Every structure is written in structure tokens, then in C-alpha cells.
Amino acid sequence: MTEGFRSEIRESDGSLEATARVVDAGGDDDERIVEAALRPKRLAEFPGQPRVRDQLGLVLRAAKQRGSTPDHVLLSGPPGLGKTTLAMIVAAEIERPIRVTSGPAIQHAGDLAAVLSSLDEGEVLFLDEIHRMSRAAEEMLYLAMEDFRVDVIVGKGPGATAIPLELPPFTVVGATTRAGLLPAPLRDRFGFTGHLDYYDAADLETILHRSARLLGVDADGEGIAEIAGRSRGTPRIANRLLRRVRDWAQVHGSGRVDQVAALAALRLFDVDAAGLDRLDRAVLEALCRRFAGGPVGLSTLAVAVGEETDTVETVAEPYLVREGFMVRTPRGRAATRRAWEHLNLTPPVGSTTQDVLPLDDGPGRLGSATD
């Protein structure tokens, strides 16, 4: 890759394509550029995830000392925890350029062959949402990752010929929010697999203090702590809320991000003390007020809140289940006692309110839960 291309990657931080799907309160190009600028550039600057950070650091340092290309890296975990940032850091730590693409963009083997054939030696190929690649592209990637070659098919039918194309050594960094959807042969070709967990409040406060300095925001500890406590353990959400509180303080306050500004801004943007937003509360309200706490099928619940089934299942449900507001049962979704208490409601007599989280019986036995 040329120096000019590396400069372009640095200017956009190589992440605009990968983060274009993020729905932000600002939503314009300036907001996405600010989001990218807040990303740490080195492992030493990366807060939280100490186990993954230390393991990945060891892999990269050892490869650099040997003068070889690092093993392929697979990063998994919920959205917003730093998978894209770590991919950029891998390239920075080994001082090599990075090529950014995504699984949905590679739907044919020819698409992947075009990307692979243009890689330089030692280059990092970042595949976001790698589980959404087509099967044909996955099978080509197997060979490329293991033997650094691809077979290009020329012609059709009986006269088709496979021409092997040798590739220089490179490193694939794959990111996925659903590691279970990756086929085993692809998963096994990654030399290092790291799973990112949600951050605790202390790590989020560290991230917010750093972001405030980079943004030139005057913030105190109480304001930062209030934002961190409502960020759902996710740095992306924490940085987004910080910018919204900054906006409120600039327009309505003294310009300082303190607890008063944080409380007022988060109230304006419908983020409550537990970190629940409008959709989360709508789901709980429907469960408790319309369906007496459940259980109720996912599609019925989605219709009740006026959202698509996938939106409820992938956006609202994971946090509600993790925080103990809702449970998944073989018969559907049900509210827990904490949900009733959070809404200041009293469970009806004879309701199926759960006090503890049952084990999920898995997708094979949840047919009625999705009706």
C-alpha cells in the first residue's frame, strides 16, 4: 500500500466505513470524525479489557521481535466495545498499513480475491462483521489465511481452470458481534481470539475523562460519574452521551459538564438512572402493562412497541436481560421483579414475575417465544 493511502486512512482513522451504521444524536460527518478521533491509537492508551489487551500485546510484541507477520486475530463481543479500535491498534503497533472492509461488502469470491490480491506484505486486513460474509468467500478465505494463496477460476463449465495466485504474508483481523455464527473451519484459522466484555464504571470514567480532554470539555468528577453510570458499560454510548451533555451545558448551562448538566441533558435525551432509553422502557411498559409481565412472544412484543422484531431482539433485549429486567423462557419474554420496581408498578396477583434468571433453553426450544 502506498504512503498516500496510509495518509488517507489516518485522516479518517480507517473507521468511518465501519462506524457509518452507528445512530448518533448528531448524525453528521463531523460527529463521526469526532468519534474516530477519540479512539486510542496504541495499546498502552486502551482502557479496560486488561486480559485481551495483555494477551494481544504479547502476540504483537513477539511477532515484531521475530520480524514475522502476527497470527490472524478474531475479536468478538457486543457493539461499541472497541473491536474496530483494536484492529487499528494492531496495525499501529506493528507499524503496517491497514485495509478496511466488511463482511456484507464481500458477497462473492471475486470480491475477496480482488482485495487479497492487492495486499502488500505485512498488511493488516480488517474484516468487520466477518460472520456476514458469503459462504463462497469464506471458503476462499480459509486457503488465503492458511497458505497465503487463492485459486482464481478462469472460464466456465468443463473448460474452467483454477490458477493459483500466491499472496504475501498478511494478518486478518476479524470482528464479529455473533461469534457463534462463524463456521468452525474459519474460527480455527485465527491464531488469537479475544472476547470483549462490557466495561465497569471505573473504566468508563477513565475513558470519559480522556475524551473530555480531547474534546476540550471542562468536566468534573460528578458529571463524568453520572454519565458513566448510564452508559450501559459501552464506551461508544459513553462518548455519545458526553457530547450531548456538552451540548446542553453549552446552550443552557455554564459550559461545564457537572452533575446538574448531566442530569438535565440525560433527562432530555430519555436516558434514565439505569441507562434505559425510550425503546427499553417501551418494551418493559408493554410487558408489564399490556401483558401482565408475560410470558409473551417476541413478535407480539415487537408489534406492541411499534418496532421490528430484530430491533427489539438485538437492540433492547440484550441489555434488559443482562441487567435483570427481563428473562427469556421457552414460552416467551417475561418481566422480572426488578422491571416492576423500576416502573413503580405492582405485579398483579398470580403473575409469572420472575425473581431469578432462568437458564435460556436455547434457540432449538424457543419456537413459541418468537411467535
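Side notes on the structure shown:
- Hits in segment 60-89 - residues which are surrounded by fewer than 23 Cβ atoms within 10 Å (Cβ to Cβ), among the hydrophobic types (A, V, I, L, M, F, W, C) and closer than 24 Å to L143 by Cα: L60, A63
- Screening G194, G229, G180, G223 for residues that are touching a strand residue (DSSP E or B) at 6+ places or on another chain (Cβ under 7 Å) and closer than 22 Å to P79 by Cα leaves exactly one candidate, G194.
- Of R66, R99, R149, all but one fail to be out of contact with any Gly (no Cβ under 8 Å at 6 or more places or on another chain), free of Cβ contacts under 8 Å to residues at least 12 places away in the same chain and of a type in the set (D, E, K, R); the exception is R66.
- V327 vs. criteria at pLDDT 85 or above, over 28 Å from Q259 (Cβ atoms) and of a type in the set (V, I, T): yes
- Sub-6 Å Cβ pairs linking a first residue in segment 227-250 that is more than 14 Å from Y199 (Cβ to Cβ) to a second residue that is aromatic (F, W, Y), at least 6 apart or interchain, are R244/F269, ordered by first then second residue.
- Filtered residues of segment 275-288 (kept if surrounded by fewer than 17 Cβ atoms within 10 Å (Cβ to Cβ) and more than 17 Å from T314 (Cβ to Cβ)): E285
- If you filter segment 289-317 down to residues that are in contact with a Ser or Thr (Cβ under 7 Å, 6 or more places away or on another chain) and in a loop (DSSP other than H, G, I, E, B), you find that the one that is surrounded by the fewest Cβ atoms within 10 Å (Cβ to Cβ) is A292.
- Verdict on R230 being of a type in the set (K, R), touching a Leu at 6+ places or on another chain (Cβ under 8 Å) and not assigned by TED's automatic domain parsing to the domain that holds L81: yes
The values are calculated or read from the model by the stated rules, or taken from the named source; none is laboratory data. Small disclaimer: the values here were computed from a predicted structure and weren't measured. A quick note on method: Cβ atoms are made from the backbone with ideal geometry, for glycine too, and the neighbour counts reach across all protein chains shown.
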